[in-house]
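Note sheet for the following structure.
The values are calculated or read from the model by the stated rules, or taken from the named source; none is laboratory data. What you are looking at is a predicted structure, and each value in this text was computed from that prediction instead of being measured. Every residue, glycine among them, receives a Cβ derived from its backbone with ideal geometry; neighbour counts consider all protein chains shown.
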Amino acid sequence: MTSFDRVVILAWLLNAYDALITAYATSHLGATELNPLMAMCLATGILAFILVKLGVMSAVCLTLHRRAKGGRKLWPLLSAIIVLFVVICAWNTYLVLRVAAG
């Protein structure tokens, strides 16, 4: 397994964490999903939301993995995805903890 593969897995795991914390925040804390497409999935149900979110990210990760064999061109894109998910996950975690603390 290459370092690129490990970072692709990290992106998927961060996405999964984002899906779970978003599902929790929307169902228990009254939060809203800001992404209009994902909000439509969430309106269908939490299971649909999680399956679509993880399914889309799985497709992205598989595409990145297949295209990565050519070299380093995808590292900037993957780095941006990681930074984006770290920021989103940190912000969502902060909000959930803040609301839970009262």
Within the bounds of the range 1-19, is there any residue that is of a type in the set (A, V, I, L, M, F, W, C), over 14 Å from the mean Cα position of the chain (by Cα) and either assigned to a loop (DSSP other than H, G, I, E, B) or surrounded by 15 or more Cβ atoms within 10 Å (Cβ to Cβ) (or both)?
-> yes
Looking at L64, L51, which one is surrounded by 12 or more Cβ atoms within 10 Å (Cβ to Cβ) and modelled with pLDDT under 85?
-> L64
Residue list for the range 21-71, restricted to those being assigned to a helix (DSSP H, G or I), without any contact (Cβ under 8 Å) to a residue 40 or more places away in the chain, of a type in the set (S, T, N, Q) and within 19 Å of L84 (Cβ to Cβ) = T63
Residues Y24, Y17: which one is within 20 Å of V99 (Cβ to Cβ) and at pLDDT below 95?
-> Y24
If L37 passes every condition in (1) modelled with pLDDT of 90 or more; (2) more than 13 Å from the chain's Cα centre (by Cα); (3) closer than 29 Å to G102 by Cα but one, which one does it miss?
-> (3)
